[in-house]
Amino acid sequence: MTIPSAFTVHAVFEWAALAVGGQIYRRRSKLRDSGDVEYHKRLIVLLAAVLGAAIGNKLAYVAYDPNALASLVQRGSGFQGGQSIVGGLLGGLLAVEAAKRIVGLSKSTGDDFVVPILIGIIIGRCGCFFAGLPDNTYGNPTALPWGYDFGDGIPRHPTQIYEQLFSLMLLFLFARLRGTLREVPGLEFKLMLSGYLLWRLAIDSIKPKPFSYPLHSSGIQVICLVAILIYLPIVIRAITHGGVD
């Protein structure tokens, strides 16, 4: 697949993921709200999440591939197609917290994002898989029977499918535990984000690294590790003391 075609395929699934995720969030948050004012505040929070995610996924991609920044400066093309779900999640989280303070929304909003995010990941990774080699989301070469040839004759780990299966597992797990988790507002989101960061810390070890940091880690792994170290105490406090967002 040519690079322009790959970007088109990826963009189609990316927008589909945003559209479906946004509709799921809108419906779920509307059902949980008691008044129009509160509902509109949540819509503002949703817009902030999208904006924060858009900024965060580009910044994380620069950490993953610092050459993208040089390409952007030199040719104005460095960010074409360059994104990171990790950066999107963290950027969205920061933007949501800022928006909640601005609009005066004190209720926890994170739990309503869990299902939209996981379904969005599943849809978006379809685009990553079909985009093939230009998307740079595949794994390292493998001799395992499910290794997939993305067009260069080399079977590789289909890490996009691995991530879809992981997201499906989280959807099933949270559906089973939702009644218990919702007793602590915000806990479901905290566990989802922590689980995804740990997952990426592990799975990115079998992905190519355009730039290696200490211990042969990628920029995404460094971001995940730092975020886990900062976020884990918050998760533990929510579990042990019933803290909220």
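No lab work stands behind these numbers, since they all come straight from the coordinates. Quick caveat: nothing in here was measured; it's all calculated off a predicted structure. Cβ sites come from the backbone with ideal geometry, for glycine too, and all protein chains shown count toward neighbours.
Let a ≥ b ≥ c be the square roots of the eigenvalues of the Cα gyration tensor of region 3-241; is it rounded (a/c under 1.5), or, if not, prolate (a/b larger than b/c) or oblate? Prolate. Residues of region 119-148 with an amide N closer than 19 Å to a point placed 7 Å from the Cα of A19 along the Cα-to-Cβ direction: 119-131.
How much length is gained on full extension from L198 to I230, taking 0.36 nm per residue of separation minus their Cα-Cα distance?
So the chain would gain 10.2 nm between L198 and I230.
Order of 198-204, 118-124, 174-180 by packing, highest average Cβ count within 10 Å first?
On the way: 198-204: 18.0, 118-124: 21.9, 174-180: 12.0.
Packing order, densest peptide first, comes out as 118-124, 198-204, 174-180.
Candidates Y213, L59, G195 compared by Cα position along the dipole of the chain: farthest toward the positive end lies G195, with charges placed on Cβ. Among the lysines of the chain, pairs at least eight places apart or on separate chains and with Cα atoms under 26 Å apart come to 14.
When you filter the GluC sites (Glu not before Pro) in region 161-245 for DSSP loop state and at most 10 other Cβ atoms inside 10 Å of their Cβ, you are left with E183.
First check a/c for region 134-205, with a ≥ b ≥ c the square roots of the eigenvalues of its C-alpha gyration tensor; if it is under 1.5, answer rounded, and if not, answer prolate when a/b is larger than b/c or oblate otherwise. In terms of gyration-tensor shape, prolate.
Just how large is the dipole of region 3-241 about the Cα centre, in debye to the nearest 20, putting +1 at every Lys and Arg Cβ and -1 at every Asp and Glu Cβ? Walk me through the numbers before you get to the answer.
Details: 22 positive and 15 negative charges, 118 e Å.
Using Cβ point charges on Lys, Arg, Asp and Glu, region 3-241 gives about 560 debye.
Each stretch of four or more DSSP H residues adds -39500 (n - 2.57); spread over every residue of the chain, this sum gives -24500 deg cm²/dmol at 222 nm.
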